[in-house]
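Engineer: Here it is, the structure, as structure tokens.
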Amino acid sequence: MDLAIQNLLSPMVLFFALGLAAASARSDLNVPDSVAKLLALYLLMVIGFKGGVQVALNGLTFGLIATILAGIALSFIIPVIAYGLLTKMSKLSSVDAASIAAHYGSISAVTFAAVTGSLSLLGLPYEGYMAAVAAAMETPAIFSALIIARRADGMQQGPLIPPHLLREVALNGSIVMLLGAFAIGIATGERGYTALKPFLTDLFPGFLCLFLLDMGLVAGRGLGQGRKYLSPAVVGFAVLMPFIGAALAALLARMIGLSVGGTAVFMTLAASASYIAVPAAMRLALPQANPAIALTLSLGVTFPFNLIIGIPLYIALAKTIAAP
Amino acid sequence: MDLAIQNLLSPMVLFFALGLAAASARSDLNVPDSVAKLLALYLLMVIGFKGGVQVALNGLTFGLIATILAGIALSFIIPVIAYGLLTKMSKLSSVDAASIAAHYGSISAVTFAAVTGSLSLLGLPYEGYMAAVAAAMETPAIFSALIIARRADGMQQGPLIPPHLLREVALNGSIVMLLGAFAIGIATGERGYTALKPFLTDLFPGFLCLFLLDMGLVAGRGLGQGRKYLSPAVVGFAVLMPFIGAALAALLARMIGLSVGGTAVFMTLAASASYIAVPAAMRLALPQANPAIALTLSLGVTFPFNLIIGIPLYIALAKTIAAP
Amino acid sequence: MDLAIQNLLSPMVLFFALGLAAASARSDLNVPDSVAKLLALYLLMVIGFKGGVQVALNGLTFGLIATILAGIALSFIIPVIAYGLLTKMSKLSSVDAASIAAHYGSISAVTFAAVTGSLSLLGLPYEGYMAAVAAAMETPAIFSALIIARRADGMQQGPLIPPHLLREVALNGSIVMLLGAFAIGIATGERGYTALKPFLTDLFPGFLCLFLLDMGLVAGRGLGQGRKYLSPAVVGFAVLMPFIGAALAALLARMIGLSVGGTAVFMTLAASASYIAVPAAMRLALPQANPAIALTLSLGVTFPFNLIIGIPLYIALAKTIAAP
Amino acid sequence: METFPKTRIEITIEAPILSRVTQTLDSFPISGYSVLPVISGRGHDGSWSIAGQISDAGRMLMIICIVDPSKAEAILQAIFPIVQGQIGIVTTSDVRVIRQDAF
Amino acid sequence: METFPKTRIEITIEAPILSRVTQTLDSFPISGYSVLPVISGRGHDGSWSIAGQISDAGRMLMIICIVDPSKAEAILQAIFPIVQGQIGIVTTSDVRVIRQDAF
Amino acid sequence: METFPKTRIEITIEAPILSRVTQTLDSFPISGYSVLPVISGRGHDGSWSIAGQISDAGRMLMIICIVDPSKAEAILQAIFPIVQGQIGIVTTSDVRVIRQDAF
Ligand SMILES: Nc1ncnc2c1ncn2[C@@H]1O[C@H](COP(=O)(O)O)[C@@H](O)[C@H]1O
Ligand SMILES: Nc1ncnc2c1ncn2[C@@H]1O[C@H](COP(=O)(O)O)[C@@H](O)[C@H]1O
Ligand SMILES: Nc1ncnc2c1ncn2[C@@H]1O[C@H](COP(=O)(O)O)[C@@H](O)[C@H]1O
Ligand code: NA
Ligand code: NA
Ligand code: NA
């Protein structure tokens, strides 16, 4: 409870709230898109690089491989559950349901940044390789959702997954940045970390606040536009689905033996929904899906839910769940 | 005198001079607009947040309320004086005079940043709530000037202040950012400050230098374009008006009992002229006014005047004026 | 050798490699152009300012004037050698050869940043005025190449160097920023350095990594487009020319008596090829030259060559060459 | 390939007025519009550029709106009073589209 | 001054599809094309803006391609199946150019 | 609503040459021009993009200039020698404007 209040009063959450409020009031406050892109590059670079340095210090472990495999499995399975729930709960078309399912199977890098920010404020360490797990979880959900959509539509012409899509999705800029910085962290280890330390650590909280301000602005404008899609059923889904993802992740984390911090991060990844890599892929692979519905849910409902309620909750749960 | 020389040789002032010189020589040196917007967001965030933290530490005081009220009063009154001077001194149309008056009643955030930068180099503290005072002084001048313009033109149709204008002006991005960061600073207090400290303090002088380089470039290009408007009368106004504003502010500061630093900041706010919030509002409310005249005066004359001569002078005067 | 391996595993080089790899794989990873411009402004500001502060501490010396003159001489002479080599080695038209020659006579600011980054990791100091030398070497090559091209074409109409070109080239943004920051560093000296220290030093390695990521992306895309120009002859030139430049610079550095660090920087400047100031000047002065050839060589071959092999080599050689 | 005649309305307008124009366009049964950035220019009062600008107050934007010729006249009439008195240019031209949507 | 009649093809398309369109254009013997940014707009599903966007997935771009009238029909036919089913508008109009290059 | 026939000159030109073109335009008694960014494209020598570029040397810009038809011919003749030998395309088309200003 205390954690929740402390989270609510964290600068991160408050800057997000500021953005949301400003957008709702239709203020002209905005972050230029190139600045938002710089902030995203910076966060991915820091997360990846720090993770790589941790792996360089601790070596390749069973946990790394097991968690990556578990992450890939989750990213494949969550869309199946999400699609099932959506077609049962709502009146969405099957292609819209599949598109939303892909968003929820994948992950949100800024939610990842937010949970690591909270953990470091609390002094809770987490496994460095979680950056690689995050990268591994970004794309399987896309292919999972495409298979679902194909089945639902009974479409059989053409290849199941067009080859150029495979390349476009796998070489998505955010994945390349995250994995690249991770690899560089492994390669340069402690020496690299020392060289970049002030850049990596001193700026992080401030840049994260600016980023969350921007996310608040974008989410607020998105809600303004997408309100019409927010039936009780789909809002229910957008709040329920994170719990399901987090629960599955908690189970797997316990089996693998992740630390408290690592469990919280893994739960958050599973609970988070993409709004960067997946929307672009859906425009290419499922153009009939309405992009606004998935985006409104993922950015307008699930992201704030995770930021404000989810993350402190997952951390609290991780404390009771994780192997001691 | 010594202070003036030290100010002239400060990196801030020299980077401004570099920008001015580069623009005058028609160098293609430029700062992309999205970078300028990032720098502005950063400065507003830092000023607001630091101010809020100070208020969290010192509590809501009489000084806060009194200074905000004094600031609002000044922002209303300065346009009346400015309009009177301009119509007496120059041959400008009444609508142009009203538009310029609005600029001088409002404030310039980067001038505010510059005076706080100078004060912290001198080790002089100032009341944290001056950030809120700055926000409070941004808009009253706009409405004051609109009333003046209406009277002058004898226009009676339509509402005095169109309601959508009220909203657009009050929710101006820079006000929302400044007040929002201020509120977040109050809410998170010392804890938030500790988390963001390197971001807030280490980057500030460097980003301010980049910002002033940009202001120099923009001011230099503006002077190149707007030179034709610079009659001796209006240049005289642009140098005289800051003194009048600063003098009124000094009087009020003394009555309220502001510290030396607070007095200097309040004088600087009153002496500064807007070139962000007000120009946009004038295009909406007084489209007949020539935007180039007000901008050339405010950015090309008064801003450099305050930066180079005004600020060290206001600080020196504040030392003799402020309640001990 | 050890130095070479350490260089290969430096975050700087690895981020460049990441960019190169991402571009070659046609990932959509990219740095917005306004962010790239911010990073360039930052690097020029830091290099210039730090250099100026060093000069303020050490005073105007014989070395400063001698090295600037030597740099100007090199910038004039290298295009002559480069043009000779290119017309002998390759089948390029004389105007294309002249354009390439201009690129190699001038310098690359980010290569300069990279060598200073390496030197500071190794704890090797260098003469602060090398920033001014870099600025002085940017433009003479352009005029040298224009004279060569004029002679080759037997064109006699019009002025040798159009006056507006002289101004445009001399007031190029990067030169103004570098020299301006240098002058400000001299003017503010230690006091200015203390005020800006965290901004100047803490961010530098991280921003340099981001910058090199961007250079890798741009170079990789450039290679993709310009591969068709890479005949063995011109690639040979692009690898040979840096050695010639570095050798000449080493000779001069020895005569002047530069330190190890200064010698390494001077060699690197001579060995580097421009891809910012010169391409723009060539479009104005030699529009018949194909811009893609010079850019592919300079950015796609010589820049990575210098970054990965050249810089550690020049530093190693400087250790044996420089006056003790 | 069958194409359909439409009218292309191009409105170059100062940024602060954008929302007034778009709100007016929104009141017509058209399929939409696109806004393009203008980065510099020259008018009767000298040249301007967005370089280094913190505020968008002094810049221009270009709205492009493809509409059915039958609607063009009414749209122009609604936009005229907004643009009049502000900085801006409105042009129309004939184009052909390949999809007969509800323009 | 002699000018030559050409067709100006203007394709406003959602960003993720850009490379599909340009690859198709590349398959024609034309001199090239230019891509312009669109920063905001409104369609049947509400308004959008690039402000604050990390990804370009939701934005539009405008491709302008000046071609010889003799090639326009074939290009439109090749582009139609790509644009169909995606968000986008294709218009053509008559222009004149001053250089008779291989458009 | 009464409209007036004008000529729309669209000049797509490499950025380093911009000021030469605009200085030439400035020498005519026209109301002004607008410059739009081009962010990527393809020409006879391959494709380009501004992404990650520090310098604007390799990019294109688009100048749009609405002029009275009576002035178009002289403007084209003045611009032709500048554009010739550089990378660029100049097109003209017929438009109508709603305000009869001094174009
Ligand atoms: N003839 C024109 N063609 C295209 N754009 C123009 C033209 N005249 C003016 N503009 C644009 O409109 C802005 C304002 O023009 P003005 O109203 O003359 O100050 C200029 O800065 C240009 O961006
Ligand atoms: N009539 C139009 N004229 C110009 N642009 C349009 C028009 N209709 C739609 N657009 C653009 O195309 C986008 C998608 O439209 P829609 O397919 O209706 O969702 C909009 O956001 C606009 O940017
Ligand atoms: N047919 C065309 N239509 C529109 N833009 C073009 C066309 N051809 C070339 N361009 C633009 O002009 C640039 C230079 O073309 P080029 O002179 O062929 O190298 C290209 O990169 C495009 O941006
Ligand atoms: Na997920
Ligand atoms: Na004021
Ligand atoms: Na060189």
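Engineer: Give the average, rounded to an integer, of partner chain Cβ atoms located within 10 angstrom of each Cβ in C:11-19. Don't skip to the end; give the middle numbers.
Structural biologist: Details: counts 11, 5, 2, 8, 5, 0, 4, 8, 3.
Rounded to a whole number, the mean comes out at 5.
Engineer: Continuing with this model, one more query. If segment C:73-140 were replaced by its equivalent ellipsoid, with semi-axes equal to the square roots of 5 times the Cα gyration tensor eigenvalues, what would those be, largest first, whole Å?
Structural biologist: Details: eigenvalues 175, 32, 16 Å².
Equivalent ellipsoid semi-axes, largest first: 30, 13, 9 Å.
Engineer: Express the Stokes-Einstein translational diffusion coefficient of chain A in µm² s⁻¹, to the nearest whole number, given a Kirkwood radius over alpha-carbon pairs, 4 °C and a viscosity of 1.567 mPa s. Present the calculation step by step, with values, prior to reporting the outcome.
Structural biologist: Working: Rh = 19.6 Å.
So the translational diffusion coefficient is about 66 µm²/s.
Engineer: At 7 angstrom along the Cα-to-beta-carbon line, where would the label on F:Phe28 sit relative to the other copies? Give the distances in nm, shortest first.
Structural biologist: Here F:Phe28 shows inter-copy label distances of 2.8, 2.8 nm.
Engineer: In whole angstrom, how far apart do the alpha carbon centroids of segment B:294-324 and segment C:222-236 sit?
Structural biologist: Cα centres, segment B:294-324 to segment C:222-236: 58 Å.
Engineer: Here's another thing I want to ask about it. Ranked by Cβ crowding within 10 angstrom, fewest neighbours first, how are B:Lys88, E:Lys71 ordered? Kindly include the intermediate steps, with their values, before the conclusion.
Structural biologist: Details: B:Lys88 10, E:Lys71 17.
Ranked by crowding around the Cβ, least crowded first: B:Lys88, E:Lys71.
Engineer: What FRET efficiency comes out for the pair B:Lys228/B:Ile147, r = Cβ-Cβ distance, R0 = 45 Å, nearest 0.05? Each step should come with its number before you reach the end.
Structural biologist: Numbers: r = 30 Å, r/R0 = 0.66.
So the FRET efficiency works out to roughly 0.95.
Engineer: Whole number please: convex hull volume per residue, Cα atoms of segment A:45-170, in Å³.
Structural biologist: 126
Engineer: At D:Asp45 and C:Arg254, where each label point lies 7 Å from the Cα along Cα→Cβ, what is the point-to-point distance in nanometres?
Structural biologist: 6.5
Engineer: Considering only the label points, 7 Å along Cα→Cβ from Cα, what distances in nm to one decimal separate C:Ser231 from the same position in each other copy, shortest first?
Structural biologist: Result for C:Ser231, in nm, nearest copy first: 6.8, 6.8.
Engineer: To the nearest Å, what is the center-to-center distance of segment A:1-59 and segment B:1-80, using C-alpha atoms only?
Structural biologist: 26
Engineer: Now for a different question. Apply the a/c threshold of 1.5 to the C-alpha gyration tensor of segment B:9-107 and tell me whether it is rounded, prolate or oblate. If you can, show how the numbers build up before the last one.
Structural biologist: Working: a/c = 2.54, a/b = 1.05, b/c = 2.42.
Oblate is the answer for segment B:9-107, as a/c is 1.5 or above yet b/c matches or exceeds a/b.
Engineer: Using only the Cα atoms of segment B:129-219, what are the Rg and Dmax in Å?
Structural biologist: In Å, with Rg to one decimal and Dmax whole: 18.5, 56.
Engineer: Return the lysines within reach of A:Lys228: Cα separation strictly under 27 angstrom, same-chain partners fewer than 8 residues apart disregarded; answer none if there are no such residues.
Structural biologist: Those lysines meeting the cut-off are A:Lys88, A:Lys91.
Engineer: Let me ask you something else. For C:Thr194, D:Thr24, F:Thr12, A:Thr302, which order do you get if you count the other beta carbons within 10 Å of each Cβ and list the fewest first? Please report the intermediate quantities before stating the final value.
Structural biologist: Working: C:Thr194 12, D:Thr24 15, F:Thr12 23, A:Thr302 27.
Ranked by crowding around the Cβ, least crowded first: C:Thr194, D:Thr24, F:Thr12, A:Thr302.
Engineer: Let me know the Kirkwood hydrodynamic radius for segment D:27-103, please, with Cα pairs as the basis and the value in Å to one decimal. Can you show the working numbers first?
Structural biologist: Values: mean 1/r = 0.0678 Å⁻¹.
When all Cα pairs of segment D:27-103 are included, the Kirkwood radius is 14.7 Å.
Engineer: Take every Cα pair under 8 Å in segment F:4-102 that's 6+ residues apart, average their separations, divide by the length, and report that relative contact order as a whole percent.
Structural biologist: On the way: 152 pairs, mean separation 51.2, N = 99.
This gives 52 percent for segment F:4-102.
Engineer: Still on this structure, I have one more. When the helix-only estimate is applied to the protein assembly as shown (DSSP H runs of n ≥ 4, each -39,500 (n - 2.57), divided by the residue count), what is the mean residue ellipticity at 222 nm, nearest 500 deg cm²/dmol?
Structural biologist: Numbers: 54 runs with 796 residues, N = 1281.
Roughly -20500 deg cm²/dmol at 222 nm, from the helical runs in the protein assembly as shown.
Engineer: Turning to a different aspect of this structure: Restricting to Cα pairs below 8 Å that are 6+ residues apart, what does the relative contact order work out to for chain C? Please round to a whole percent. Don't skip to the answer; put the middle values down first.
Structural biologist: Working: 526 pairs, mean separation 106.7, N = 324.
RCO, chain C: 33 percent.
Engineer: Counting just the Cα atoms, what span does segment C:216-324 cover along each of its three principal axes? Round to the nearest Å and put the largest first.
Structural biologist: Here the Cα extents, ordered largest to smallest, are 46, 27, 25 Å.
Engineer: Can you figure out the FRET efficiency of B:Thr194 with A:Ala4, using R₀ = 25 Å and their beta-carbon distance, to the nearest 0.05? Walk me through the numbers before you get to the answer.
Structural biologist: Values: r = 21 Å, r/R0 = 0.82.
It comes out at approximately 0.75.
Engineer: Which single residue of chain A puts its beta carbon nearest to the axis of rotation relating A to B, and what distance, in whole Å, does that give?
Structural biologist: Here the nearest residue and distance are A:Ser34, 3.
Engineer: For a quick check: sort A:Leu248, A:Leu297, C:Leu86, A:Leu9 by the number of other beta carbons within 10 angstrom, fewest at the front. Walk me through the intermediate numbers first.
Structural biologist: Details: A:Leu248 20, A:Leu297 27, C:Leu86 24, A:Leu9 15.
Sorted ascending by nearby Cβ count, the order is A:Leu9, A:Leu248, C:Leu86, A:Leu297.
Engineer: Suppose you put the label 7 Å out from Cα in the Cβ direction; list, shortest first and in nm with one decimal, how far A:Thr194 is from each other copy's label.
Structural biologist: 2.8, 2.8
Engineer: 7 Å from Cα along Cα→Cβ at both B:Lys319 and F:Glu73: what's the point-to-point distance in nm?
Structural biologist: That separation, rounded to one decimal, is 7.3 nm.
Engineer: Quick check: pseudo-label points 7 Å beyond the Cα along Cα→Cβ at C:Ile309 and E:Asp101, how many nm apart are they?
Structural biologist: According to this spin-label approximation, the distance is 3.7 nm.
Engineer: Give, in nm to one decimal, the length gained when the segment between C:Ile81 and C:Leu122 is fully stretched (0.36 nm per residue of separation minus the Cα-Cα distance). Intermediate values should be presented prior to the final figure.
Structural biologist: Working: separation 41, 0.36 × 41 = 14.76 nm, distance 3.28 nm.
That works out to 11.5 nm of additional length.
Engineer: Out of every Cα-Cα pair in the protein assembly as shown, what percent are more than 44 Å apart? The partial results should precede the final answer.
Structural biologist: Details: 338916 of 819840 pairs.
Beyond 44 Å sits 41 percent of the P(r) for the protein assembly as shown.
Engineer: Considering only C-alpha atoms, what is the centroid distance from segment D:53-69 to segment F:1-66, in Å?
Structural biologist: Between the Cα centre of segment D:53-69 and that of segment F:1-66, the gap is 16 Å.
Throughout, read-outs are computed from the coordinates displayed, never taken from laboratory work. Keep in mind it's a predicted model, so treat the numbers as computed, not measured. Please note: Cβ atoms are built from the backbone with ideal geometry, for glycine as well, and neighbour counts cover all protein chains shown.
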